[in-house]
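Below is one structure; the comments refer to it alone.
The values are calculated or read from the model by the stated rules, or taken from the named source; none is laboratory data. Being a predicted model, the structure only gives us computed values, none of them experimental. Quick reminder, even Gly has a Cβ in these numbers, built from the backbone with ideal geometry, and neighbours come from all protein chains shown.
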Amino acid sequence: MQDFDWKHVYSDRLSNAREAMKLIKPGNSIFIGTGCGQPQHLVNALVMHSKHIYDARIIHFLTMGAAPYASEKFRPQFRTNSFFIGDNVRDAFDKGIADYTPIFLSQIPRQFETGRIPLDVVLLSATPPDVNGLCSLGVSVDVVKSAAANAKCVIAQVNENMPRTLGNSFIHIDSIDVLVPYDEPIITVKPQPLDKNLQKAIENVARLIENGSTIECGIGQIPEALAEFLRDKKDLGIHTELVGDWLIDLIECGAVTCSKKTINHGKVVASMCMGSQRLYDYIDNNDFFEFYPSEYVNDPFIISQHDKMVSINSALEVDLTGQVCSDSLGYRFYSGIGGQVDFMRGSARSRGGKPIIALPSTAHDDTVSRIVLKLTDGAGVVTTRGDVHYVVTEYGIAYLHGKSIQQRVLSLIDIAHPKFRNQLIKGAKAQRYIHEDQIELAWEKVTYPKELEHYDTLRDGTEIFFRPVKPTDEAALSEMLYSLSISSLRKRFFTHTQTFPHKDVQRLTNLDYKNELAIVGVVPGPSGEDIVAIAQYFLDPKTQVAEVAFIVQDEWQAKGMGTFLLNYITGIAIERGIKRFYATVLPENKAMLNIFYNCGYNVNTDFDGSSYTITYDLHTTARGA
């Protein structure tokens with residue numbers, strides 16, 4: 001390519017920016033290239049030589065450079081219409097001198113193709129043409145390629161500094177009307193300081209990502225935060241709108257290989273790139289990366305063909321029914337729809353896919369909850385309550401798809417900031433979303449003990465996740481209780497029949513985690529997690545003596561579950577200074593009696609003619625004594 005004198009070969013198409021702007025007529029629709037691929041020199045020329053232009057419409061998706069055309073000064077010449085509101089044009093929107101078109105990113109190219117959004121002129125950046133007359137669109141393929149294909153006039157700033165990206169990223173010289181040679185640095189974007197609560201939320205997101213998953217991340221802090229927690233994953237793939245510096249380290253540490261991707265095997269697929277010069281140098285002529293237009297990358301059908309497709313996008317607020325707002329703050333348009341719905345729907349159709357909305361639980365220094373009873377007046381729904389699956393905050397993971405309103409409400413309140421939970425419960429009761437007798441706890445004093453979460457393996461090799469019970473476990477626990485055999489009911493509740501109404505079961509799931517603690521054993525189920533066992537203690541804080549009780553679902557008995565639960569909850573009790581355990585056991589419950597007799601403590605047994613009372617001290621008697 002160094003020997004190819006493209007300027008000589010295509011001299012008849014060369015021009016300077018000032019002359020090129022003369023091609024723009026009053027009333028024209030002008031598309032400006034996207035993101036860090038914005039042709040800055042052409043944009044500057046556009047406003048500098050705009051005296052002959054008036055009532056022109058500027059159209060773009062998201063530009064990262066200066067946007068002088070959106071200022072009050074140039075209002076007679078230009079009117080901006082954006083598919084996504086970036087920092088550089090937000091002030092114009094706030095002043096009412098710019099417009100916004102809400103649309104799925106995958107559908108924008110179709111608007112150009114059909115002429116519903118007519119384009120007269122496209123201003124774009126590209127690499128110099130190669131010997132075959134092909135220019136790469138570099139860091140910005142997205143909707144630029146479609147815009148160029150459907151415009152009457154294409155003006156390209158040919159920039160030697162533009163990295164040559166591969167894939168379906170090329171435009172032939174015959175499709176370009178004017179070449180304006182002008183070299184300038186590609187716009188770079190520095191990572192934003194990470195919000196500490198979002199970082200904790202992303203740590204929870206990482207728990208959902210399995211080895212071999214293919215990942216999409218939206219725009220913002222999420223990708224930078226996520227990379228930290230993916231280093232130990234294996235064979236991850238990437239199919240996303242946007243790549244940034246975060247990806248380089250994941251490739252170099254071996255976490256991202258794309259070797260398990262179902263389509264575009266062995267390739268990182270993206271449509272645009274924003275980051276540092278290091279990133280641009282990394283992707284230049286790098287055949288590990290393939291850039292495609294948005295109509296391919298964001299096509300839900302293409303997305304769904306990836307097994308274990310995980311999409312991770314952000315939101316401004318989520319209401320208790322699962323409606324997601326991510327483009328407006330009330331009546332104020334703030335960002336855009338972008339590709340969120342494209343990837344949410346594509347991931348939902350993927351085999352093993354996971355569509356995820358991640359957000360901090362609060363805004364404005366914890367003064368405003370982002371989990372809300374109802375969306376702010378004027379706020380628009382981007383992801384509907386029918387599309388939402390996972391919602392994640394720093395307080396945990398709520399799985400909503402296929403769940404009732406009551407289940408959704410309780411799940412979302414469980415991951416809201418504790419200071420807002422009772423307020424949300426009261427509001428939900430007023431709307432008849434949940435039972436009027438739903439327990440309200442002193443949440444500022446109740447902290448879910450995440451440190452007690454633990455994976456272990458039963459003696460048959462089955463992995464079980466043991467964790468403290470949550471208020472959202474009510475339905476799963478009720479289902480487990482109703483699945484117990486008559487024999488198990490008799491051994492635990494001393495009766496052959498037992499009902500488990502809401503008012504009783506919620507007392508088992510709404511605990512203070514101090515005087516009352518329950519550890520559940522859970523396994524993956526069709527609707528999330530199935531509870532298969534529970535161990536509880538109820539402490540008298542005056543005596544530091546606690547009653548302990550266990551339930552193991554019939555099909556999970558005789559696997560060592562009871563022994564593990566007793567050992568685990570005993571260890572917790574010892575650390576918390578509890579002095580003594582006692583339990584009431586029927587004579588026929590020989591399995592439970594054996595567990596206690598083999599627990600390693602000196603067990604005292606009293607029989608009253610119908611049941612045994614088991615008592616043992618947790619501190620004065622060592623295990624194995």
Qualifying residue in the stretch 159-176 (condition: in contact (Cβ under 8 Å) with a residue 60 or more places away in the chain, under 27 Å from GLY396 (Cα atoms) and outside any helix (DSSP H, G or I)): no
Of all residues in the stretch 354-386, count the ones that are more than 14 Å from VAL324 (Cβ to Cβ) and either outside any loop (DSSP other than H, G, I, E, B) or in contact (Cβ under 8 Å) with a residue 12 or more places away in the chain (or both). 11
I'd like the full set of residues that are part of a strand (DSSP E or B) and either hydroxyl-bearing (Ser, Thr, Tyr) or farther than 20 Å from GLN192 by Cβ (or both), limited to the stretch 214-250. THR214, LEU236, GLY237, ILE238, HIS239
Has the stretch 487-503 got at least one residue that is loosely packed, with under 15 Cβ neighbours inside 10 Å and either under 24 Å from TYR448 (Cα atoms) or within 31 Å of the chain's Cα centre (by Cα) (or both)? yes
Filter result (closer than 13 Å to TYR537 by Cβ and touching an Asp or Glu at 6+ places or on another chain (Cβ under 6 Å)) within the stretch 547-581: ARG580
Exclusive hit being within 28 Å of LEU565 (Cβ to Cβ), of a type in the set (Gly, Ala, Ser) and out of contact with any helix residue (DSSP H, G or I) (no Cβ under 8 Å at 6 or more places or on another chain), set ALA442, ALA430, ALA398: ALA442
Subset of the stretch 201-219, residues out of contact with any helix residue (DSSP H, G or I) (no Cβ under 9 Å at 6 or more places or on another chain) and surrounded by fewer than 20 Cβ atoms within 10 Å (Cβ to Cβ), comes to ARG207, LEU208, GLU210, ASN211, GLY212
Entirely in the stretch 257-310, the helices (runs of 4 or more DSSP H) that have 1 or more residues that are within 21 Å of the chain's Cα centre (by Cα) and more than 20 Å from PRO223 (Cβ to Cβ): 300-304
Those residues of the stretch 501-513 which are in contact (Cβ under 8 Å) with a residue 40 or more places away in the chain and out of contact with any helix residue (DSSP H, G or I) (no Cβ under 8 Å at 6 or more places or on another chain), in sequence order: LYS503, ARG507, LEU511, ASP512, TYR513
Considering the stretch 20-55, residues that are buried (at least 17 other Cβ atoms within 10 Å of the Cβ) and among the hydroxyl-bearing types (Ser, Thr, Tyr), and then whichever is farthest from MET272 (Cα to Cα), we arrive at SER50
LEU119: assigned to a loop (DSSP other than H, G, I, E, B), within 27 Å of ILE171 (Cα to Cα) and modelled with pLDDT of 95 or more, yes or no? yes
What's the number of the only condition in (1) modelled with pLDDT of 95 or more; (2) surrounded by fewer than 21 Cβ atoms within 10 Å (Cβ to Cβ); (3) of a type outside the set (D, E, K, R); (4) not in a loop (DSSP other than H, G, I, E, B) that ILE108 fails to meet? (2)
Can you tell me which residues in the stretch 425-481 are in a loop (DSSP other than H, G, I, E, B) and among the hydrophobic types (A, V, I, L, M, F, W, C)? ILE434, ILE439, LEU441, ALA442, TRP443, VAL446, LEU458, VAL469
I'd like the full set of residues that are more than 16 Å from PHE494 (Cα to Cα), surrounded by fewer than 16 Cβ atoms within 10 Å (Cβ to Cβ) and of a type outside the set (D, E, K, R), limited to the stretch 579-607. TYR582, ASN594, TYR597, ASN598, GLY600, ASN602, ASN604, THR605
Could you list all residues from the stretch 84-98 that are surrounded by fewer than 17 Cβ atoms within 10 Å (Cβ to Cβ) and touching a helix residue (DSSP H, G or I) at 6+ places or on another chain (Cβ under 9 Å)? ASP91, LYS95
